[in-house]
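Shown next, in structure tokens, is the structure this report addresses.
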Amino acid sequence: MIYDPSWSAVIVFLLFVIGTIGLSARLGRSTKSTEGYFAAHGQIPWAVNGIAFAGDYLSAASFLGICGMIASYGYDGFLYSIGYLAGWVVALFVIAEPMKALGRFTFADALDAKFNSPGIKAAAGVSTLAVSMFYLIPQMVGAGVLIRPLLGFPHWVGVVMVGIVVITIVVTAGMVSTTWVQFLKGSLLVLFSGVLVVAVLRRGLEVDRESFPAIGPLSADVLAAESSGGSIAGRPVIPPDGGWEDHPRYVRLARPDGVGFDLYRADPIREQAAGEDGASEDGDDGDGDGVDEEDAGDMVMLRQGQSMTELANDEWLVDGAPFGQGEGERQLRPVGQITRLPGDRDSTGSLGPIAYLTTLSESEVALWGSEKVELADGTATVYFQKPTPGSQVLRPGEHPVFAGIRGDDPTARINFLSLMLALFCGTASLPHILIRYYTVKDGAAARKSTIVGIASIGFFYVLTLYLGLGAMTSGSMDVTNNNMAAPLLARAFSPWLFAIISAIAFTTVLGTVSGLILASSGAVAHDLLGGVLGLQLSGTSQVRVAKLAAVAVGGVAIMLGIVFEELNVSYLVGWAFSVAASANLPALVMLLFWPRTTKQGIIASVIVGMVSSLGWILLSADTFAKVYGLDPDAAPVPFSQPGIVTIPLSFVTLVIVSMLTKPSNATAERSR
Amino acid sequence: MREPPITADAAAAGVEATRLHNAKLGMIHFAVYLAFYLGFVFINAFRPGWMETIVLAGLNLAIVYGFGLIVAALLLALLYGRLCRTVPVARDPVFGVDEAGAAGADDTTSGDREVDRS
């Protein structure tokens with residue numbers, strides 16, 4: 001899909017950037033001490049800190065990734081919303097107050113509060129850097145992904161631009177400016193997501209059978225007879241050649257304007273044996289779609305699809321015509337249609353939040369799948385419609401990651417349990433989230449700001465379901481990439497709403513990356529240089545070193561964002577959660593609740609949790625397929641998500657090492 | 001009526017008692033939510049078909065349980081905030097800085113005590 005650069009988006013974005021940098025410069029004048037740089041002097045009001053939690057936490061993965069996943073697959077994206085929010089319960093009930101009481105600037109401070117051990121500082125500092133880097137890469141790549149379609153700049157420009165703005169924000173006023181940027185971003189994100197959802201509900205649902213029409217039902221015999229050069233629905237059939245003859249399911253019809261062809265895919269018609277609504281109460285027919293169906297003879301339906309072919313000379317064709325917007329050229333068209341509403345109505349008009357879901361569940365939606373087709377002149381990616389009952393869209397198990405829960409493979413269920421465990425445990429272990437507890441004055445403020453955070457984040461995650469479903473039925477989705485679902489949904493309503501939502505998506509990246517760079521610079525300057533190497537720096541010098549570290553980490557983030565451009569990196573956020581939950585949470589929880597925890601136990605737990613979860617991920621089928629390009633079946637670990645193994649392993653390691661290294665009675669007595 | 005000043009030892013004991021109270025409260029709330037969350041995760045993993053059952057106002061269990069988890073998190077968080085006690089003013093044992101410089105000043109929870117550090 002080709003996006004026209006949106007100058008309104010540029011203007012709104014520039015206003016955001018100028019505003020945040022101006023704010024940072026103003027706040028920077030009063031932020032010279034370490035307390036100011038790392039912890040905003042502990043003077044951030046709890047309500048502001050609560051919204052800043054939302055600004056820190058709701059990354060591009062939440063906003064763009066979850067909305068896109070719901071838009072393409074339905075309910076499964078909402079599972080992430082639920083898991084991400086549930087993690088805040090751990091943060092509030094278990095971590096918030098002790099974290100504030102124990103630490104001062106960094107996550108390592110809290111772990112090391114009782115022991116003053118360089119080993120703990122080293123392990124926790126490295127763990128902070130590892131988790132933050134995994135989190136940073138998708139944010140930076142997301143910045144490039146956003147800027148290319150919106151402004152027409154190359155990917156690297158977006159990455160560099162975000163990097164420079166964020167480094168400026170962090171270097172000028174550290175945690176003070178970072179907090180206010182995150183507050184601004186959190187407020188705007190929740191507010192305008194709410195506006196967009198109201199627009200979605202007011203529009204309601206509308207049938208669109210024209211954008212991608214269907215032809216039929218046809219007899220399969222008639223189709224076979226006509227496919228070799230006859231006509232279908234009064235339109236000439238292009239005889240299959242150039243490799244299409246090996247894919248008889250696809251039929252090419254000539255276009256009146258002669259530019260390329262219209263591609264149709266023949267789907268066998270299936271009659272639903274369980275009633276008209278397609279709902280089956282007792283399972284399905286084994287085809288994975290949950291609907292009890294049987295073949296209706298040899299009848300087929302032709303549904304229009306789209307194809308994009310990469311030629312040997314690196315040029316592209318869309319449905320047989322050169323890719324572009326000029327005369328004689330074609331581009332992929334936006335998708336996302338409702339093909340049937342209950343009662344065969346054409347539109348519903350305005351709907352309430354519950355009626356929206358119940359109506360959708362009784363409708364039929366055209367989801368889209370894709371497959372690679374080898375042709376004589378190159379490889380075509382064919383995008384085809386998957387008419388799906390709304391009831392199926394609103395149930396778990398449609399996305400490839402979650403499809404296993406409907407199959408017979410027990411490891412797929414374990415993989416699902418492992419992912420949900422990592423999401424639950426990961427939030428309260430993310431260093432860039434934990435350091436926000438130091439920005440308020442006391443435990444009560446930490447508690448109250450977490451409650452505000454839960455309220456705003458929870459509200460946002462409820463909105464994600466409507467944003468995703470709204471995009472799914474908006475007719476504005478990019479069939480090649482669902483990450484732009486939310487901005488494109490906004491464009492379906494108004495160019496200015498599109499500009500604002502796009503600018504907020506940029507600010508989403510700014511807010512989260514600021515927190516990550518700050519956490520990383522603290523780990524380098526405070527934990528590793530100060531705590532491990534023993535560099536005794538004055539407050540001002542430590543701030544200077546931290547700022548240099550922020551520039552260095554920001555530079556590395558920019559490089560990684562450019563290097564990983566072509567990689568599908570959204571799952572790196574999942575890695576960050578798994579590594580954080582395995583490396584950090586066991587040590588933190590045991591330090592708080594098990595008096596016999598020793599410093600050796602903590603060090604071993606952090607290292608074992610970090611190495612085992614990282615090792616597991618690197619040896620998983622997901623990584624084999626997506627990163628190394630190898631056969632996923634060759635992966636040595638049985639499932640991709642490590643948490644269910646590595647989190648308990650980290651706990652057990654801490655207990656065993658602590659018992660082996662417990663001080664003798666005499667030592668304990670002397671140390672009193 | 002203003003409570004009489006308490007001694008440093010009594011203040012320390014108060015800090016510890018308040019922290020224990022809050023920690024215990026947190027664990028109870030955590031256990032309740034964990035049970036609710038595990039129910040959701042296990043149904044999805046082992047009985048995904050149940051999630052399609054229409055349970056309330058035409059909505060299926062997946063939607064109702066999912067929204068329920070989000071609402072429950074907020075309600076439990078508010079309840080926890082209401083029942084927690086505020087840690088009285090104390091010297092931070094690690095860094096020696098005031099940990100709760102204005103404890104109770106903007107706190108609405110019950111059980112607060114004013115502490116005279118003199």
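Quick note: the coordinates plus some simple rules give every number you see, no bench work behind them. Given the structure is predicted, the values throughout are model-derived calculations rather than measurements. Cβ: placed from backbone, ideal geometry, glycine included. Neighbour counts: every protein chain shown.
Quick notes
- Per-residue Cβ neighbour rank within 10 angstrom, fewest leading, A:Arg436, A:Arg235: A:Arg235, A:Arg436
- The slack in the chain from A:Thr411 to A:Leu660, taken as 0.36 nm per residue of separation less the alpha-carbon distance, amounts to 86.2 nm.
- Here the residues A:Ser370, A:Ser620, A:Ser578, A:Ser658, ranked from fewest to most Cβ neighbours within 10 Å of their Cβ, fall in the order A:Ser370, A:Ser658, A:Ser620, A:Ser578.
- Within a straight-line Cα-Cα reach of under 24 Å, A:Lys114 can be paired with the following lysines, leaving aside sequence neighbours fewer than 8 residues apart in one chain: A:Lys100, A:Lys441, A:Lys599, A:Lys662, B:Lys24.
- Close amide-amide hydrogen proximity is noted between A:Ile238 and A:Arg252, A:Leu253, A:Ala254, each under 5 Å apart and 5 or more residues distant or on a separate chain (H modeled in the peptide plane; Pro and chain starts excluded).
- Label point distance in nm, A:Asp298-B:Asp9, each placed 7 Å from Cα along Cα→Cβ: 9.8 nm
- A:Thr379 sits among other residues whose Cβ lies under 9 Å from its own Cβ, and their net charge, with Lys and Arg +1 and Asp and Glu -1, is -1.
- Helix A:118-151 axis, angle to chain A major axis (alpha carbon atoms, nearest 10°): 30 degrees
- Residue order, fewest to most surrounding Cβ atoms within 10 angstrom, among A:Cys67, B:Cys84: B:Cys84, A:Cys67
- Contour minus Cα-Cα distance for A:Ile18 and A:Ala552 (0.36 nm per residue): 189.9 nm
- Values of log10 I(q)/I(0), in the order q = 0.07, 0.08, 0.11, 0.12 Å⁻¹, for chain A under a Debye, Cα-only, solvent-free model: -0.50, -0.64, -1.12, -1.29
- Partner lysines whose Cα lies under 23 Å from the Cα of A:Lys547, excluding those fewer than 8 positions away in the same chain, are identified as A:Lys32, A:Lys121, A:Lys185.
- Rounded to the nearest 10 degrees, the inclination of helix A:643-660 to the longest alpha-carbon principal axis of chain A is 20 degrees.
- In chain A, helices alone account for a calculated mean residue ellipticity at 222 nm of -17500 deg cm²/dmol, with every DSSP H run of four or more residues adding -39,500 (n - 2.57).
- Axis of helix A:539-563 versus longest Cα principal axis of chain A: the two differ by about 20°, to the nearest ten degrees.
- Net charge, A:Tyr466 excluded, C-beta distance under 12 Å - Lys, Arg +1, Asp, Glu -1: +2
- Counting only residues at least eight positions apart within a chain, or on another chain, the lysines with an alpha carbon under 24 Å from that of A:Lys626 are A:Lys372.
- Leading residue at positive end of dipole, chain A (Cβ point charges), from A:Gly125, A:Leu332, A:Tyr75: A:Gly125
- Here the label points at B:Glu16 and A:Leu618, each 7 Å from Cα along the C-beta direction, are separated by 4.6 nm in the simple model.
- Label separation (A:Ala233 vs B:Ala35): 5.7 nm, computed from points 7 Å beyond Cα along the C-beta direction.
- Distance-filtered residues of segment A:197-233 - backbone nitrogen under 11 Å, label point 7 angstrom along A:Asp346 Cα→Cβ: A:207-209
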